[in-house]
Amino acid sequence: MSTSSTGSWLLAALLLLPLVGAAVVVALRGNDKTAKSAALAFSLAEFALAVVAWVQFEPSGARLQQAFSFDWIPAFGVHISFAVDGIALVMIAVIGLLVPLVIGAGWVDKLPEGRTKGGFFALILLEQALTVGVFAATDVFLFYVLFEIMLIPMYFLIGSYGGARRQYAAVKFFLYSFLGGLIMLASVIGCYVLAVEQNGTGTFEWAELVKVVSTAPLETQVWLFLGFFAAFAIKAPLVPLHTWLPDATAEAPIGVAVLLVGILDKVGTFGFLRYLLPMFPLASKELAPLVLVLAVVGVIYGSMLATGQRDIKRFLAYVSIAHFGFIALGIFAFSSQAMVGSVTYMVNHSIATGMLILVVGMVIARGGSTRVADYGGMAKLTPVLAAMLLIAGLSSMSLPGTNSFVSEFLVLIGSFPNAPVYTIIATVGMVLAALYVLWLYQRIMQGPVRGDALVGAAGGPGTMVDPAVGAKKAIADLSGREKLVLAPLVVLIVGLGFFPKPVLDVVTPAVDATMCQAALADPVQSGERQLQCR
Amino acid sequence: MSVMSSVLLLAQEQAPAPARAEAPPLTAIWPILIVLGAACLSVLFEALLPKHLRWPGQVVLTLLTIVAAGVKLVTYVSGAPAAGETAMFGTLAVDRPALFLWGTLLALSLGAVLLIADRSVEPGGAFVATAAIRPGTVQDRAQVGSTGMQTEVFPLTLFALGGMMVFCAANDLLTMFVALEVLSLPLYLMCGLARRRRLLSQEAAVKYFLLGAFASAFFLYGVALLYGYAGSVRLADISEAAAGSDRSDTLLFAGMGLLVVGLLFKAAVGPFHTWTPDVYQGAPTPVTAFMAACTKVAAFGGILRVLQVALESTQWEWRGVLWGVAIVSMVIGAVLGLTQTDVKRMIAYSSVAHAGFLLIGSIAVTEKGLSSTLFYLLTYGFTTIATFGVISLVRDSSGEATHLSQWAGLAKRSPLLAAVFTFLLLALAGIPLTSGFVGKFVVFEAALSDGMGPLVVVALVASAVAAFFYLRVIVLMYFSEPAADGPTVTVPGAFTTAAITLGVIITLLLGIAPAFALDWASSGVFAIR
């Protein structure tokens, strides 16, 4: 049995193109230059496809579009079926956007001895294919399979190409996620068994399982919910299951850190929306306080630890933990406004934090150190880089006029009616965000040129010091390639800050559908915004 | 004509169980007859062939035997009665599970025999030239360098294989015991035949023999008590007696307990696993592969049959105990596996953990429990054979380099071997798209349907813990710097390459398209008669 709908070839192409790309790049890995060019070409083609898929998508149409499905394991009713809704579509677009930038950013990076650019980029393309699959899968079994498989390329990306403690970080990352995945597997099987008991035949089709499981009694739902939640809370990550992220981010190469924080972690919050709310509406309401507490704790805890970080890459991880707290808050506040805010937050966080990580990577590439204390007054040497760090930073702290402001504002205003106390506490996080972003900027960029990375010891004896500015000569401002990598992100940060409509239009119907599946009603009906269940 | 048919009808009416009275229908058991017959022929080869012809003769004979038995099995299966039939006066039950297990055993032993027959990895083969030489002597050092080997390993393999096939089809406990001895005695010997590290190998053989003898005694005592209870050793009769009678429960439970202990020992289920690491480490690696894959299949075949046929009606009595055993086995396997520094011992503990997972499937006395356990056995066997095949390739001057530290940085020296081994380890860990995942999935699904949620959660946590030690090897191979005087990776000959390829392809195939094998495994249940 196979079914397909209009545009399903697009989705199939989106899934297959990076796989083909990975194979081609591996075959070309003997020559760094051709391998790099091939990888970039494939990632750009994938981006173009994602844009076409976005254009083809009809927000007012069916919930799941561009669908196709094949039988896989008939004995268990497992299908290979993919389709996109608005939420999945924007995430796939973000993947398509970030991967070419990551490849561009890693163009000249030195890799550990014996590793080739081809191998590195092939793994990134493979990871891209798997993450697209995770967002597009509409069979729960298939989703689980891809959820686990996508750990493997990431494991090798961190373990083979990372920093000094990469082995530890890679294993920690893998075990955390694998354990979460296994607990989810128990729930996945549990849902299947429920379907067997109720319908006589089992199925893993998401739409079918939603019907079956959402009518189950509360106690059953709670257990199944907890299984899924464990996996997603580790992935997202919510405090206290977050400890793998700082290690993984700190040890991963910069491009991989972008994918990790920008894409992989979003699978967790995506899972909240796609699986937790529709499948377990009763349990979601029952356990919402738990999630809200974890979310708010994450906002405050992440912000405070980000403020105190001495390592720039770990700083990035804690910033993300704080942001994931906001996303979780918006989802479990149960209003369509906050939920739309959370989905756009997922997009904007990928753009803003992605850019922040890339810029920090450029700082580190120049200074050769990840310690904040090794830098100071860098704006004098690299004014354009400093400006980029400021833009990325301001977006991360949700300054009005940047993309993140729209989503953070929506989350907070939408969450207030249902969860006022949590919202008020989370607002403190905004203040802390200004603190950690501006303080970091001040320490690295402003004041007189100082720090071991820029002058003196780190360069070793005999390092050329430019007498005019008192710093190493090698430190140059952004190259053309680096500007090219950052430019699209700057455009998006400002553009989506003033005109977020394209994203909002696409995600709103999917959010409404999710609200309806979870039998939720908006606490406040405002003007034109009417939640309409079909 | 009509007179004859009426006489026949009369005869049938008089005999309540016609299968017992009929002449043995040999078509069903041809595979067993071929294997055991070839084993006898193989002994004659050993006695009569000139020395230089023995190895090629034995290899050809053994491989042909397995293929011929396989062909006979396939031709029989297509026309076999769905409900199964009995053979040899009711002592063997040839039903769908038995046929599936036979097929699995034959396929796995083909892989194992390919490993056993290889002479390129270790010049002259992995087996000692003259087993009687004392370890550490001048003669012993001489035999290490020689290219002769004890070809007795081939008839021993065939006998063990024959025993295993009878074991998982045995319809009464006495047959099962005889089969148990037929499969065990050759294995004890085979463990002591390693060419290198003779002392370790002999220690393994003695340990295995002593503990195995104990287990056999347990088994036999259990059989005696159950006979006392039911007045019969037939599984169906015991089931009937246990279902409704006011006989002494003490006899039943004591007999049941002793019997199951004997079986669990063979299957290396914790806490009856203590022989496993030593024997896996000391035995020649091809024999370890054979033991780990085939013995596990046979033992669980026996466990399934005993639990589902003979003890089905008493399941609420033994279930709680076996829950505990399964948990202990998974925990021991996963936790002690973490502390191992020898790759063969590590895989041994992994097999203890896997035995726990298999036991979960066996405890679920449902059709799903049966089919999922059968499928798991198939997947685990092939992955294990290929794993040991790869382990045998990493060598230094003193033989196999099984210490984990020697595997550091192997990916730089031999990317292909590292990739294959990584794949196999991921399969053992149960990562999707490998057969290991599908096996775990079906077993857990069967267990959850049968209301064993907590056990499944324990199993999942154990899987996550066990994943750590598999990952550790991957970390060593890929992310560590190679040692200066590290081991070399031998380029395998045709036989070992074939065995590893077979294992890897099946592991991948059953991970991606498991539907056909799942259908085979669920094609029927045990025949109770």
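The values are calculated or read from the model by the stated rules, or taken from the named source; none is laboratory data. Worth saying up front: this structure is predicted, and the values here are computed from it rather than measured. Because the Cβ atoms are built from the backbone with ideal geometry, glycine has one as well, and the counts that use them run over all protein chains shown.
Out of A:F57, A:F68, which single residue is touching a residue at least 24 places away in the same chain (Cβ under 8 Å), more than 14 Å from chain B (Cβ to nearest Cβ), out of contact with any Asp or Glu (no Cβ under 6 Å at 6 or more places or on another chain) and within 23 Å of B:L433 (Cβ to Cβ)? Working first, answer last.
On the way: A:F57 fails: within 23 Å of B:L433 (Cβ to Cβ).
Checking each option against the conditions leaves just A:F68.
Given the residues A:S335, A:S350, A:S320, A:S284, which is the only one that is closer than 15 Å to A:F225 by Cα, of a type in the set (G, A, S), in contact with a helix residue (DSSP H, G or I) (Cβ under 8 Å, 6 or more places away or on another chain) and buried (at least 24 other Cβ atoms within 10 Å of the Cβ)?
After applying the criteria, what remains is A:S284.
Need at least 3 residues that are surrounded by fewer than 18 Cβ atoms within 10 Å (Cβ to Cβ) and either modelled with pLDDT of 90 or more or under 22 Å from the mean Cα position of the chain (by Cα) (or both) per element, so show me which helices (runs of 4 or more DSSP H) inside the range A:365-453 make the cut, counting only ones lying wholly within it. Steps first, answer last, please.
Working: elements: A:383-396, A:403-415, A:420-445.
Fully inside the range A:365-453 and qualifying: A:383-396, A:420-445.
Among the candidates A:L123, A:L130, single out the residue that is within 11 Å of chain B (Cβ to nearest Cβ) and either touching a residue at least 12 places away in the same chain (Cβ under 8 Å) or over 19 Å from the mean Cα position of the chain (by Cα) (or both). Before the answer, list the steps.
Values: A:L123 fails: within 11 Å of chain B (Cβ to nearest Cβ).
Testing whether each residue is within 11 Å of chain B (Cβ to nearest Cβ) and either touching a residue at least 12 places away in the same chain (Cβ under 8 Å) or over 19 Å from the mean Cα position of the chain (by Cα) (or both) leaves just A:L130.
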Helices (runs of 4 or more DSSP H) within the range B:409-480 that include 1 or more residues touching a Gly at 6+ places or on another chain (Cβ under 8 Å), more than 10 Å from every other protein chain (Cβ to nearest Cβ) and of a type in the set (G, A, S): B:415-429, B:435-449, B:453-479
Residues of the range B:337-372 classified as surrounded by fewer than 20 Cβ atoms within 10 Å (Cβ to Cβ) and either small (G, A, S) or within 23 Å of B:L404 (Cα to Cα) (or both), total: 5
Residue identified as of a type in the set (V, I, T) and away from chain B (no Cβ under 11 Å) among A:I254, A:I189: A:I254
Only one of A:L226, A:L194 that is under 22 Å from A:G325 (Cα atoms), in contact with a Ser or Thr (Cβ under 9 Å, 6 or more places away or on another chain) and surrounded by fewer than 23 Cβ atoms within 10 Å (Cβ to Cβ): A:L226
Of all residues in the range B:391-408 being at pLDDT below 90 and in a helix (DSSP H, G or I), the one that is farthest from the other protein chains (Cβ to nearest Cβ): B:Q406
Some residue of the range A:153-161 being surrounded by fewer than 21 Cβ atoms within 10 Å (Cβ to Cβ), away from chain B (no Cβ under 12 Å) and in contact (Cβ under 8 Å) with a residue 40 or more places away in the chain: no
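Take A:T201 and tell me if it is within 14 Å of chain B (Cβ to nearest Cβ), assigned to a loop (DSSP other than H, G, I, E, B) and either surrounded by fewer than 22 Cβ atoms within 10 Å (Cβ to Cβ) or without any contact (Cβ under 8 Å) to a residue 12 or more places away in the chain (or both). Full working, then the answer.
On the way: within 14 Å of chain B (Cβ to nearest Cβ): yes; assigned to a loop (DSSP other than H, G, I, E, B): yes; either surrounded by fewer than 22 Cβ atoms within 10 Å (Cβ to Cβ) or without any contact (Cβ under 8 Å) to a residue 12 or more places away in the chain (or both): yes.
So A:T201 fits the description; yes.
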Qualifying residue in the range A:502-521 (condition: assigned to a loop (DSSP other than H, G, I, E, B), at pLDDT 85 or above and closer than 30 Å to A:G354 by Cβ): no
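To keep it simple, each residue is scored yes or no on (1) crowded, with 22+ Cβ neighbours inside 10 Å; (2) without any contact (Cβ under 8 Å) to a residue 12 or more places away in the chain; (3) in a helix (DSSP H, G or I).
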| position | (1), (2), (3) |
| --- | --- |
| B:R196 | no, no, no |
| B:E203 | no, no, yes |
| B:V223 | no, no, yes |
| B:S245 | no, yes, no |
| B:L251 | no, no, yes |
| B:H273 | yes, no, no |
Condition broken by B:A83, with the remaining ones in (1) touching a residue at least 24 places away in the same chain (Cβ under 8 Å); (2) outside any loop (DSSP other than H, G, I, E, B) satisfied: (2)
Conditions (1) free of Cβ contacts under 8 Å to residues at least 12 places away in the same chain; (2) farther than 24 Å from A:V256 by Cβ: number failed by A:T34: (2)
Which numbered condition B:F423 fails, given (1) surrounded by fewer than 18 Cβ atoms within 10 Å (Cβ to Cβ); (2) of a type outside the set (G, A, S); (3) closer than 27 Å to B:W520 by Cα: (1)
Which listed residue is more than 22 Å from A:W9 (Cβ to Cβ) and away from chain B (no Cβ under 14 Å), from A:L97, A:L101: A:L101
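Name the single residue that is nearest to the chain's Cα centre (by Cα) among those in the range B:80-134 being among the β-branched types (V, I, T) and within 23 Å of B:I505 (Cα to Cα). I'd like the intermediate steps shown before the answer.
Just the residues of the range B:80-134 that are among the β-branched types (V, I, T), to begin with: B:86, B:91, B:94, B:104, B:113, B:116, B:121, B:128, B:130, B:133.
Checking which are within 23 Å of B:I505 (Cα to Cα) leaves us with B:104, B:113, B:116, B:121.
Details: B:T104: 9, B:V113: 14, B:I116: 16, B:V121: 24 Å.
By that ranking, first place goes to B:T104.
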Any chance A:T215 is assigned to a loop (DSSP other than H, G, I, E, B), polar (S, T, N, Q), touching a residue at least 60 places away in the same chain (Cβ under 8 Å) and more than 19 Å from B:V443 (Cβ to Cβ): no
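Hey, could you check the range B:481-523 for residues that are β-branched (V, I, T) and in contact with a Lys or Arg (Cβ under 9 Å, 6 or more places away or on another chain) and say which is farthest from the other protein chains (Cβ to nearest Cβ)? Full working, then the answer.
Our first condition is that a residue be β-branched (V, I, T); within the range B:481-523, this holds for B:488-491, B:496-497, B:500-501, B:504-507, B:512.
Among the residues that remain, those that are also in contact with a Lys or Arg (Cβ under 9 Å, 6 or more places away or on another chain) are: B:488-490.
Values: B:T488: 18, B:V489: 17, B:T490: 22 Å.
Top of the filtered list is B:T490.
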Given (1) without any contact (Cβ under 8 Å) to a residue 40 or more places away in the chain; (2) touching an Asp or Glu at 6+ places or on another chain (Cβ under 9 Å); (3) of a type in the set (A, V, I, L, M, F, W, C), index of the condition B:A464 fails: (2)
